[in-house]
Every structure is written in C-alpha cells, then in structure tokens.
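Chemist: What follows is a structure written as structure tokens; I'll ask about it next.
Rule-based calculations on the coordinates, nothing more; no lab input. Note that this is a predicted model, so its numbers are computed, not measured. Every residue, glycine among them, receives a Cβ derived from its backbone with ideal geometry; neighbour counts consider all protein chains shown.
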Amino acid sequence: MIAFNKLPVRLLSNSLKCCDTKLNKVNTLCHWPVLSQVCRSEPAKSTHDVMTHCSLWLRTQHKVVWSQAAFHRSFVSDSQPATEESAETAPNFVSKPMRRDRQEKQQLFRQMICNKGNTPWTDDDWLQLADSLSLTGQESWEVICMHTLYVDKNISLGQNLMSYIERQGKTPSLVVVTFYIGLLGESCAGFDEEIHKYYQYLLSRSSVLDAASIEVLITGLSGSKYYRQCLQLLETVRETSNPSSASLIRILRAGLRNQDIDVCQAALSQIEQWIDPTGVTIYLPKVIEEGLSGNSQACLEMVMNFMQKHKLVLKRAELEEVVQAFHRYQPNQWTANYGFINHHKGHCSICGHQMKRSEVDSSDFHSIQSIFLDQVIVGNNVFFKSSPEEVDFFVKFVEKTGPFDVVIDGLNVMYRGCHGKSDPRQLAKVVEYFTLQGKKVLVLGTRMLTGYTNLIRKLKDKPVVYMTSTTKCDDAFFLYAALRSGKHTLVVSSDKLRDHKFLLKPSLRPVFYQWILSAQVYDWFISKSGEFIIGKRHLYETGPAKDDGGWHLPENDVTAANPFGRLSILCLRNKIDPLGSHDTDTNTKSSRQTALAEPLRQTALAGPGSSPPRHTHNRLSVTWPGKERTGKTGSGTQASTRNKKEWFDN
Amino acid sequence: MAQTILRRIWSHCQCSYQLFKHKRSYFMSSYPFKDDLPVQCMSTYGQLYKPHLPGNMVCGQPNYRHKSVRFVDKKHFSTGFVHLTNVNVMESIDLETLKKQVLEEKKKSSDKNIHLTEKVKEIVAAKCDEIVANLGPEDEKKLKVIQLEHSFLYSEGYLIPSSEEMLNEYWLEAMKLDSKNQRLKYYTFLAKRSNIRKSAKEKTAAKKLLVPEEREKTPVYEHGRLFIRIYESTMKRWQNHRLASSMMYGIPLVIDMDYVTHMRMQEVKNTASQLQSVYNLNKNDASPFHLHLTSCPEDNAILRLFQYLQQEEQDILATVTENSFLDLFERENLVYLSPNARQVMKEFDPTAVYIIGAFNDKATMLPISYARAKEYNIKCQRLPLDEQLDWGLGSKNLTLDQMIKIMVALKNKKSWKEALTAIPGRKLKKLADGDK
C-alpha cells in the first residue's frame, strides 16, 4: 500500500478494496498520515486522482475512520481543495444519526461511481440509477445523488447530473439546486456565473429561505465572486436560528480571499456576537492562510487583532501550518523560530524585539468596576454565593479600609503546594514580603484563616483580614476589592478565575481577562532560605503582534505543570530587509539582535557575565543584559532585593 | 392510639375470616361492613372506591383479562405522557370533569378501551390544530420556514420523521426552539422515540402470536386454593387507609413545588413522574409520611402532570396548598434538605419537618434550594453522603424517589448504610477486584 505512489490508479482502488476486506480498518488508518505524506510529495496531477479515491474509500467506511481521519487532519493538502474541507465536515457526519435506507442508497451510488471509474456517465447510466434508487421511499433520486456528490465534492459528476436533469426537461427541485450551488462553491473558482444563475433561479422560485439550506448556499456563494450576498443571507438566518460557526468562518475566508475589509469586519463582529470566540480557534490556521493568499495586509492584521483581543492561542501543530502557509505564499522571505518572551523585561528571546506592556483601557476598566458587583456577586440570586447583608457589609468595609495595593486570596496561598493541608506560615511570609515594602495588604478567606490570624498578633504592620461566611464567595469578594482599589492592584492567587469571567457579559470578558492577567501573581514559591519569590508574570502582550521585522504569534503551551503557559512564542522574521529594521532600532536593540543571532556559539564562547537571556527559569537573581542591568551582577541579596523592588514598581 | 390500632387489627381479622369462608368462590363484594368502624378507616371501605368495585371484584376466575387491560393502560400512560409536550394546552383542560365523563362512559358501554389518556390526547391534538389554524401572519411565516428547513434536513439524510409523520403538536414545539441545531435535535428525538415504540409494539404483537393458548390458561386446583388471594384493589384500599390515617397522625414531609420556573419542560416531566413514585413508595410503607405539596396552586405544571399520571387513583391523599411551608409550620422545626448545604444531617429527627424540593436540574446545577433556605432563614442540611459512602462519579443531587426511599428507611429507624442503598451503584466507587 505504502508504495502506491508508483502504481496506477486502478491498482490502488483494488488494494483499497483488499484493505476493506482483509485488514483491520484502524490498522490501515494508522498508515493514513504516511499515505497522505506520500501524496504530497508527488506531483499534483496524479495525486489528485489518488486522493479522490482514498477519500471516497474512507467515506464508505465506518465512522471511526472518519473521526480518526479528522483527528489526524491529514486531508489537508495544497494540491487538492476537494479534500481540504472534509476534516471540517467530518464531526457533523459523526454526531447526528442518519437514516439507514438513505445510507444504503448512498452506498449503492458510490459503488456505481467506483465501478464506472473514469468513463463518462451517459443518459442510460442515470436512467438505470434512477430505477434502482427510486424503488423504495418517497425521496426523489436526484436529491440523494446530488447530496452524495455534495458530500463527496465530486464536481464533474455533479455538472453531468445537472445537465442530465435539464435535458430531461424536468424542473429541478429546490433542494437539488441548493446542493448544486454548494457543490460548485467547493471548487473555489471558475463557476461564478453558474452559481449566480442558479442562485437567481432559486430566489425566483421561492420567497423564503430556511436556515439549513442557507448554510449550504453560503458554502456555494462564499466560493464565488458574489460572496457579498452571504451577508444578506445571514440576516435571514437570524430570524429563525443562529448562524453557525462554519458558515461565519466561510464568509470571513471569502472576505479575506477577495480583500474585502467590510465583509471581514462584519464576519468578525458576527462571530463575537453569536459564538464564543474560543470556538473558532481550530479554523484559525486556515483563516490566516487565506489572509496570506489574499495578500492584503489590512485584512490579515484585522484577524490578528481579533486573535489578540480574545487571546486566542494556537497549538504547536497549528502554528506549523501557519508557518507553512507563510512559506508557501511568500517563499524565501521568512525565518520561523520558536522562543519565549522574557517575562521580566518583555523582549523576544529570538530577535530581541521589545513587546508592548499590556494595558487595560481605563474606560473599559471602569465599566468592569461598575458592573462586577451586579453581574458576578449578585447575579440572578444573591443567596447563591452570599447574602444581601454580607454583600452590603463587605462593600462598606472596602470603602472604609481600601484602597489596597495587594489583595491576597488567603485560602489559595495557604493551601498551595501543601497537599491538602494548610500552612499559615506560608501566608505569613507572603504578607510579610509585601508589608515590608510598605504596601497595604488585604487577606481574604473564610474562617480557616484563624490559624493565620493567631500568627500575626504580635506584628506591627498588620494586614487587613476579611473572613467570609462560606468558600463560595471569597473569590468574587477579593476580585471586587481588587477592582475597587484600582488598575494596578496586585492579586495573589493561583486560581484561573474563569468562572467569574464567564459570569460577565460577553463584551466585557476580554477586558476582564486582560486585566486579571496583568494583575495576577500566580507563579510564586518560597525558596529554601524562606524567601518569597515571584516567578513569571504576564506583564507583556503576547498576542499576535506585528513589528517592522515580522510577526510574533503566541503558542498555546498550557500544561498541567504550567497552567498559565510559559509565554512561548513563534517568532516570524522577514529575511529581506534586515538592514531597514536596523536603521530604525536603537543601538542597544540592534546590538542585542546581532548578539542573539548565534546564541549557541555565544554561550559556548563567552563567560557567564555576558550570557544571553535564558528564558525558561529566569529568577530574579539572574542578571539581565541591556541598560537596566545593575552593577553588582548576581552577587549578594542586596542586588536581588533591589531588582525585586524595581520590578514591583513597574 | 393503641386502641385504634387494635381495632384495625380486629377488623382486618374479621375481613380475612369472611374471605376465608368464601375462599372457593372468591366473592368479596357481599361482605357486610360494620357500622362501628373508626372514622379514619371509613375511607378504606366503599366510600372512595365504589366505582371500582364491579369489574374485577365479582369475578370467579382470577382475572388475567383485567391485568392485560391494566398493562395496556400503563402503556397508554407512557405514550400519553410524552405526547403532552404542550403544558399550556394541558393546563386549560379540566381533568376532574373529564375523569367523571370517562367513568360514566365506561359504565354505560362495556367497552374497556375508553381511557382518560386517549381523551386528553384527543383534546390536546384538537387544540393544537386550532392554534396552528389561527396563527398570526408572522408566526405563519415562521412555521413555513421551519417546515422548509425540516424538509431540507430530511433530504440531508438525518434520522428524523418525514413531513407526513409530523403532527401539529410537533410543529408548535419546534417553533418554540431558537436555533436550527436545537430543532434538529428535537426531530431526532422524535424519530428515535417513535422507533422505540414501534419496536415495542412489534415485540408484544409477536409474543401474542407465539403462545395464545398458554396466556389464557389459568391454573386449576381441585379443592380450591390454600392461601387467600388478596386482590390488588384490597391492597389499594389498605394502602389508602394508611395514607388517610397518616394524614391525621403521621409525620409531615414537605415537598416544595415552587421550582417550575427553574426547570425546562423535560425536567418538569421527570419531576412529575418522580413525584408519582414518591407518592407510591410512601403509600407502600407501614406508616407513611403525611405529604404536603406546598406553594402549589392548581395550575402548577408539575401537579397537573402528576394528576394526569395518577389518574387511576380517585384522589391524591396528600395536602396540596398554595401556602408556603413557612405558613404551615414553625420556622424552628423546618429543615431544608439540599445537596449544597453545609450542615450534615446526623440522624432522623421525628420532631423536625423535612423539606424536599421538587426539582430536577440536569443542565444547570445551581444551588437554588440552598439559596432558598438561606433566604427564608431556616435550617439547611445535606445527607451524610461523603461520610457514609465512597462517592465515585456523579452529582450529589438525588432524585425525588431516591430521597423518599431514604427518608422512609430513616423514619423506620434503619441505619444509614441501609437507608443509603437507595442511591444507584453507578454513583459509588467500585471496589477493586482485589478487595473482594
């Protein structure tokens, strides 16, 4: 099987049949990525047929095969737009049950296509098919055939069928026309006028359109130059249903392909309005690819800004696809490297580009501030989390004692890393660290904090301690206190706080996320000598950002060990004009760039004094290159504490 | 108290003696009742169940025919029950008068196939037809679009009923749903349900065809039977007698019915069927609880469905009031049972009045009952599930029938372990093979 790139097509179909009968399906499927790899390496023309056969074969198989194929995403190949979409449609196919008689008929039809091979279909063939398909059931055979062809994306046979129907003098049913338009749209080009003709025909025959057929129509229209019609169709959908994510993405891609900013804008705003933006993450590599193929910077930037706003991050495999797309559409222009953002200074470890510091817009912040109490703490029912008296009391308490510089989630800090036991001394150390700097600290928790309050009796600078009645409301309460105190108040907690984010209304969620990321101290530990040390923080923008030299794309590297990610990033650099970027940069930056061009050799040659920034486990005692560097390099606690203070004041 | 119990035992013995005397003929209806029976027992005899007496009581043979009729009846239950998708339509039907009508019709004609469920179904279908006929122009357009969408989805090959199988009720239900995917889900549900029913029907038909003689045969004994046959109706009377006496002397158990607004339609249906099993399980106990259905006006959807399910019974022997439990009992005695409560129930307190919420939350698990207890400032307790069991998977929200099983067992002074056997095994941690 694997050596089939040398075999003719007919042999291939035979071998596929052998697999069908003899081998375990899943076993063959394990080789599928290998197969597609072979296909890709071959010249386009012959693989075209091979891929069609393979995908046809796959469709006749079990659901497991489908889902696995979708999992591998191995259908994606540049030479074949027909199989490109199948990974997207596959989940639909698996989820909803199909009628058995329908499946049998489809099977029959596909069998006939396989048997015919490459010979053209004649009227007699269609007649024979019609006889065999219309024996049972009320459905007309044209619908079954056209739907099967639509699913298989077999355009040439679809055209043949349509011309046959018209030759017979019958008026094709609306369903058939709809599927035909959808089928023509898959080919991406060449059928604009035909799509338009049939679309007008459809509109002339029926006054209303329904949501299900509009979805198919959008696949058709978005592939033609009449993609702007899709926006009108969306309006119609909204009367009875919600637009689906797949069709919205189709419209967005059409807009990108045709460099139409208005359509892109409309599609993105619709996505924000109707679906949770994190749901579209899997489509993003394709979208970016489309943006590159359209070659319009503005549209691409719009997509990237959308990603940045909603903090959509891609996995390594998806980033690989993006990199390949960059190489394909702008060959020999890009170098791609995976690196990290320095969490302390905010520069890229590959190119040394300084990232922007993440800032929350003050008007947005005020809107969260005002709305948080209503939407998160009170919600539908105050009693879910607390009681009206408690909320009133806490609001007054914050007014009286606030604003605070640091808000600590007492229980989270006390229980962290202690395997289910509480350690009040840990909390005491954290509080001490901040009070020594003269910060005003609020510790929030439940009655469990009494173990801690016994410890601080003798202290001079006592933190403010508030204990809630249950553990249900303490998170919401410390967030409220932090929000009331201002933008720059720190929150010490390792909680991801997503439940509170989702209680807010959708338009405010990105803002809240942005704020909490910059305000939260999540990565901290107590060193062996008993010092409280802050590790990573999300102080800088990681999101897709453009600069003179190229792009930075964040990578989704959230694991169990690193629940907040490690700030890793894909650094895409433009090869062509490195000189131009040198001119605009400052001296320090350019020197850093040249120094970092060969980091490996540098580390091998140079001593520890001038070592390049190591990004994985930067602690505060590590020295930093550049102008911020302190004189006393890496020696003694004085320097490190000063460093800490500076960082805190940042 | 003791006297009444003695009296009951005495009357029972008398009753059994009479039965024993007539054991060969199985006649029961001619038994002369004494006048000096205690008042609370009166409900047991005659008064409540007169209409039921003919039919099955004066029957020489143990009647299988009757049983099969009952079987059909139950099947109609389930179908009729699911059919009632439109509670708003259901609310406007006067079940009481309908019940009387049906009974009268049954008396007049010998046709056993007159059922309340059928009647209600007919009325609902007629009302739905009427609604569809009188739709406004906007709704009419919406219906048209939805029908188009349905035919398109059908042509895409999904397992959904064809347009001929779609009734007006279904269209009305589909119109209520917001999105295409929701409707598709609903259609697949309809198709699956009709498939299940079809196969069940085929199964029973096949069974009937196989051994028609054996089903009719009844065991014949030469000298009659050794043990007295106790008819179902007799048992029913005893159960109802117990319920009636518990309504006078029993421990109250409150079921809070004020949750309709928090539930989806299917959850309301589940709650109603669970309430039915609560009623029946409670009835089977030797000294049942006195059930209070509080904050329950007549048009409460759960109550309506419960009445509909409970149509075999003449009355529901439970207190149904519009008042809240706060008006009926003293605040100190009330204990709300909620899975989210912080306090643990240590043992069953016979002086306390326990409250169970008639609530099913499959989708959103919000601590509504806990919030309610906090709002009214009454005690709130949870069962000691964590303390007594190795909890595995699954939520700690128990269904109503599991709750009543536990409560009845606790009231009968069973241990926690015995009481908590009502919780399904799938929720508990499975013992490893080595532990066995």
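Chemist: Fewest Cβ neighbours within 10 Å first, please rank A:HIS347, A:HIS419 accordingly. Before the final figure, lay out each step's value.
Modeler: Values: A:HIS347 23, A:HIS419 5.
Ascending Cβ contact count within 10 Å gives the list A:HIS419, A:HIS347.
Chemist: Taking the Cα centre of each part, how many Å lie between the range B:160-211 and the range A:142-212?
Modeler: 31 Å
Chemist: Can you tally the net charge around B:GLU418? Count Lys and Arg as +1, Asp and Glu as -1, for every other residue whose Cβ sits under 14 Å from the Cβ of B:GLU418.
Modeler: +4
Chemist: Then there is this: Below 12 angstrom from the Cβ of A:THR435, what's the summed charge of the other residues (Lys, Arg +1; Asp, Glu -1)?
Modeler: +2
Chemist: Just tell me how shielded B:178-191 is by partners: mean number of partner chain Cβ atoms within 10 Å of each residue's Cβ, no decimals. Intermediate values should be presented prior to the final figure.
Modeler: On the way: counts 3, 8, 11, 7, 2, 4, 4, 1, 0, 1, 2, 0, 0, 2.
Per residue, the average neighbour count from other chains is 3.
Chemist: Can you pull the mean other chain C-beta count within 10 Å for peptide A:203-212?
Modeler: The mean count of partner-chain Cβ atoms within 10 Å per residue comes to 5.
Chemist: Can you pull the three principal axis extents for the Cα set of the range A:301-411, in Å, largest first?
Modeler: 66, 31, 30
Chemist: Quick one: if you take sqrt(5λ) for each eigenvalue of the C-alpha gyration tensor of the range A:362-534, what semi-axes come out, biggest first, whole angstrom? It would help to have the intermediate numbers written out before the result.
Modeler: Values: eigenvalues 133, 62, 48 Å².
Output for the range A:362-534: semi-axes of 26, 18, 16 Å.
Chemist: Right, something else. In debye, nearest 20, what is the charge dipole magnitude of the range B:250-427 about its Cα centre with +1 on Lys and Arg Cβ and -1 on Asp and Glu Cβ, if you could check?
Modeler: About 700 debye.
Chemist: How would you rank A:GLU321, A:GLU142, going from fewest to most other Cβ atoms within 10 Å of each one's own Cβ?
Modeler: If I rank by nearby Cβ atoms, fewest first, I get A:GLU321, A:GLU142.
Chemist: Here is the link list: A:LYS105/A:LYS153; A:LYS315/A:LYS505; A:LYS96/B:LYS142. Which ones come out longer than 19 Å on Cα distance?
Modeler: In this structure, A:LYS315/A:LYS505; A:LYS96/B:LYS142 exceed 19 Å between Cα atoms.
Chemist: OK, next. Please go through the residue pairs B:LYS99/B:LYS185; A:LYS501/A:LYS536; B:LYS107/B:LYS269 and name each one whose alpha carbons sit more than 29 Å apart in this structure.
Modeler: Among B:LYS99/B:LYS185; A:LYS501/A:LYS536; B:LYS107/B:LYS269, the Cα-Cα distance tops 29 Å for B:LYS99/B:LYS185; B:LYS107/B:LYS269.
Chemist: Another one. Among bridges DSSP assigns within the range A:362-534, what percent are antiparallel (round to 5)?
Modeler: 20 percent
Chemist: Continuing with this model, one more query. Count, for each residue of B:154-165, the Cβ atoms from other chains sitting within 10 Å of its Cβ, then give me the mean as a whole number.
Modeler: Mean number of neighbouring Cβ atoms from other chains: 6.
Chemist: Using the number of other C-beta atoms within 10 angstrom as an exposure proxy, rank B:SER273, B:SER395 with the fewest first. Let's see the in-between values first.
Modeler: On the way: B:SER273 19, B:SER395 10.
The order, fewest Cβ neighbours first, is B:SER395, B:SER273.
Chemist: Under 13 Å from the Cβ of B:ILE404, count the other residues' Cβ atoms, weight Lys and Arg +1, Asp and Glu -1, and hand me the total.
Modeler: +1
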